[in-house]
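Colleague: After the structure tokens below, expect a handful of questions from me.
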Amino acid sequence: MQTSFTAEQLSDPHVAESEKILRKCVHCGFCTATCPTYVTLGNELDSPRGRIYLIKDMLENGRPADEEIVTHVDRCLSCLACMTTCPSGVNYMHLVDHARAHIEKTYRRPLLQRLTRAALAMVLPYPARFRAALGLARLGRPFAGMFDRFAALKPLSAMLKLAPSAIPAKSPFSLPAVHAPKAEKRGRVAILTGCAQSVLDPGINEATIGLLTRLGIEVVVPEGEGCCGALVHHMGREEAALASARRNVDAWMRESEGKGLDAVIITASGCGTTIKDYGFMLRLDPAYADKAARVSALAKDVTEYLASIELPAPVARPALTVAYHSACSMQHGQKITRQPKELLQKAGFAVKEPREGHLCCGSAGTYNIMQPEISEKLRDRKVRNIAATGADLVATGNIGCITQIAERAGMPIVHTVQLLDWAYGGPKPAVLAEGKRAAG
Ligand code: SF4
Ligand code: SF4
């Protein structure tokens, strides 16, 4: 694609980066067929190619964002299916991240949207605040239907509906600690305990730590780590996202340069995509560029790490068929497609893949709150495809998908690592013991 940025515009490194991306696009439109919003809405402006044109026009003309571009960029899930499909290697992720930061700086949203976005940014990344908010949301849940009647209040209604009916107790595994290996030591890793996941389902990190320590891996939960910054990053709040990234880089580099780390283990693929991008996000910060690139290289999804080490024979071989739902951030963001399925098969599970596996379930960070109508259509489509597999349960690697799908799946849903932990000598996942997952 031809571009016409001035030399002065290109002196801004963010614009220069976007210009390089834009030039790669040959407007072939292959990406439209796999874009969930185009598939759902059928509007070219809600396709990757349409958004690329809108972003190009905004950046080239150096103009502030307007309602049209905000509408279509907001509808983008950042699922990155377009990047998997694109034959020209267009880095849509970095382009839309830049567009979102530009929107945040130049566009004044309606009051209710501003309040909702501010509340999400102030609450979700902080486990204590999130836990308190979930408690309040349970009380407000009966009013969700009433809020649904007003377009501007739909995000509030979506938030209330997504709040779980029961909040798990706080887990000691979320606190800074060193978990010693329970077999001959063969590695040392840090684990990101995360923000929302550690509140919604602490059992995921417990299973990860239990499994890794039984396999002889020392697991450290470092002092000072926190939310990866993905939630605010996707809202265009660059400074807040970079502050989260710097704090985590400091925490993990202290461990890496101290007792050493083989990997930083991530159990939510949405976080993994962002942490693997820290090197890019902090490339312009001389004090952090190098350290951030090293952290990105250390970042591994738990299934990616498990696939890289030798595993013993499984202890339990539950005769269950698992529908594996590959989160977008796993398959498109990190290109991890093979390892989770192979690990499940090796552990004795039969694995089925739902049709249209490339399409997002509609969770996408805070998307299911901010764009509830599109999100629900995508969720229902996903759930139909999962049900058609006839599996006994669903496994996936991202808490956002678990929360999104749980209530409608009609079968239990667990994190992949919880099944692996069970197969290799850990406890049966609580939701299987209960027979179903608590409604999300
Ligand atoms: S597939 Fe790639 S090159 Fe083709 S229109 Fe989409 S982004 Fe552009
Ligand atoms: S990230 Fe997903 S929703 Fe956004 S343009 Fe690409 S395919 Fe479409």
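The values are calculated or read from the model by the stated rules, or taken from the named source; none is laboratory data. What you are looking at is a predicted structure, and each value in this text was computed from that prediction instead of being measured. When we count neighbours, we look across all protein chains shown, and the Cβ atoms used for this are built from the backbone with ideal geometry, even at glycine. Side chains are part of the model used for accessible areas, which takes the heavy atoms of the whole protein and leaves out ligands, DNA and RNA. Shrake-Rupley method; radii C 1.70, N 1.55, O 1.52, S 1.80 Å.
Colleague: Solvent-accessible area per residue for region 150-231 at a 1.4 Å probe radius, Å²?
Modeller: Dividing the accessible area of region 150-231 by its residue count gives 37 Å².
Colleague: Sticking with this structure for a sec: Would you work out if the chain is rounded, prolate or oblate? Take a ≥ b ≥ c from the square roots of the eigenvalues of the alpha-carbon gyration tensor; rounded if a/c is under 1.5, else prolate when a/b is larger than b/c, oblate otherwise.
Modeller: prolate
Colleague: Computing the accessible area with a 1.4 Å probe over protein heavy atoms, can you report the carbon and sulfur percentage for region 2-56?
Modeller: About 54 percent, which is the carbon plus sulfur part of the accessible surface.
Colleague: Right, next: Once amide H atoms are placed 1.01 Å from N in the peptide plane, what residues at a sequence separation of 5 or more from E225, or on another chain, have their amide H within under 5 Å of its amide H?
Modeller: none
Colleague: For C228, what accessible surface area do you get with a 1.4 Å probe? Give it in Å², rounded to 10.
Modeller: Accessible surface of C228 is approximately 10 Å².
Colleague: Let me ask something else about it. Which translational diffusion coefficient, to the nearest whole µm²/s, is obtained for region 261-339 from the Stokes-Einstein equation, given a Kirkwood hydrodynamic radius over C-alpha pairs, 37 °C and 0.692 mPa s?
Modeller: Estimated diffusion coefficient is 232 µm²/s.
Colleague: Carbon and sulfur: what percent of region 272-353's accessible surface (1.4 Å probe)?
Modeller: 53 percent
Colleague: Treating the beta-carbon of each Lys and Arg as +1 and of each Asp and Glu as -1, no other charges, what is the dipole magnitude of the chain about its Cα centre, to the nearest 20 debye?
Modeller: 900 debye
Colleague: Continuing with this model, one more query. What do you get for Rg/Rh of region 362-440 when both radii come from the Cα atoms and Rh is the Kirkwood radius?
Modeller: Taking Rg over the Kirkwood Rh, I get 1.00.
Colleague: Something else now. For the charge dipole of the chain, defined by +1 on Lys and Arg C-beta atoms and -1 on Asp and Glu C-beta atoms about the Cα centroid, which residue among V414, P155, L77 has the Cα displaced farthest towards the positive pole?
Modeller: Selected residue: V414.
Colleague: Given the protein chains as shown and a 1.4 Å probe, how many square angstrom of F173 are accessible, to the nearest 10?
Modeller: Counting only protein heavy atoms, the figure is 70 Å².
Colleague: Taking H as built 1.01 Å from N, whose amide H comes closer than 5 Å to the amide H of K352, not counting residues under 5 places away?
Modeller: V322, A323, Y324
Colleague: On to the next question. With every protein chain kept in the model, how would you rank I402, I309 by accessible area, 1.4 Å probe, largest at the top?
Modeller: I309, I402
Colleague: Could I ask something else about it? Residue farthest toward the positive end of the dipole of the chain, with Cβ of Lys/Arg at +1 and Asp/Glu at -1: which of F349, A307, H233?
Modeller: Most positive-ward Cα: F349.
Colleague: Roughly speaking, to the nearest percent, how much of region 194-234's 1.4 Å accessible area is carbon and sulfur?
Modeller: Carbon-and-sulfur percentage of accessible area, whole number: 53.
Colleague: Moving to a separate point now. So what's region 168-226 giving for Cα Rg divided by 2.2 N^0.38 Å, two decimals?
Modeller: Dividing the Cα radius of gyration by 2.2 N^0.38 Å gives 1.07.
Colleague: If you take the square roots of the eigenvalues of the alpha-carbon gyration tensor of region 176-269 and sort them as a ≥ b ≥ c, do you get rounded (a/c under 1.5), prolate (a/b over b/c) or oblate?
Modeller: oblate
Colleague: Provide, in order from the shortest bin, the percent of all Cα-Cα pairs of region 326-383 in each 10 Å bin, continuing until the bin that contains the maximum pair distance.
Modeller: Pair shares across the bins are 22, 43, 28, 7.
Colleague: Calculate, for region 282-385, the solvent-accessible area per residue in square angstrom, rolling a 1.4 angstrom probe over the heavy atoms of the protein chains.
Modeller: 43 Å²
Colleague: Evaluate Rg over Rh across region 216-284, taking Cα atoms for both radii and Kirkwood's formula for Rh.
Modeller: Rg/Rh for region 216-284 comes to 0.97.
Colleague: Place the peptides 155-163, 63-71 in order of packing, highest mean first, counting for every residue the other Cβ atoms within 10 Å and averaging per peptide.
Modeller: 155-163, 63-71
Colleague: Divide the volume of the convex hull of the Cα atoms of region 69-189 by its number of residues and quote the answer in cubic angstrom per residue.
Modeller: Convex hull of Cα atoms, per residue: 208 Å³.
Colleague: Moving on to the next point. For each cysteine in the chain, check whether another cysteine's C-beta sits under 4.7 Å from its C-beta; list those where none does.
Modeller: C25, C28, C35, C76, C86, C361, C401
Colleague: Which entries in the list K276/K300; K352/K377; K182/K259; K24/K56 go over 20 Å, if you measure between the two C-alpha atoms of each?
Modeller: Table pairs above 20 Å Cα-Cα are K352/K377.
Colleague: Hey, can you find the accessible area per residue of region 1-78 for me, probe 1.4 Å, expressed in square angstrom?
Modeller: Here the residues of region 1-78 average 47 Å² of exposed surface.
Colleague: Where both partners of a DSSP beta bridge lie in the chain, what percent of those bridges are antiparallel, to the nearest 5?
Modeller: About 15 percent, rounded to the nearest 5.
Colleague: Would you list, by chain and number, the aspartates and glutamates whose Cα falls below 20 Å from the Cα of K20, excluding same-chain residues fewer than 8 positions away?
Modeller: Cross-link targets: E8, D12, D57, E60, D97, D277.
Colleague: Could you go through region 180-188 in sequence order and give the Karplus-derived ³J(HN,Hα) for each residue, using 6.51 cos²θ - 1.76 cosθ + 1.60 with θ = phi - 60°, rounded to whole Hz, and x for Gly and Pro?
Modeller: Each residue's phi maps through the Karplus curve to give 6, x, 9, 9, 3, 5, 9, x, 9 Hz.
Colleague: Top to bottom by accessible area (1.4 Å), largest first, where do L115, L59 land?
Modeller: The most accessible residue leads, giving L115, L59.
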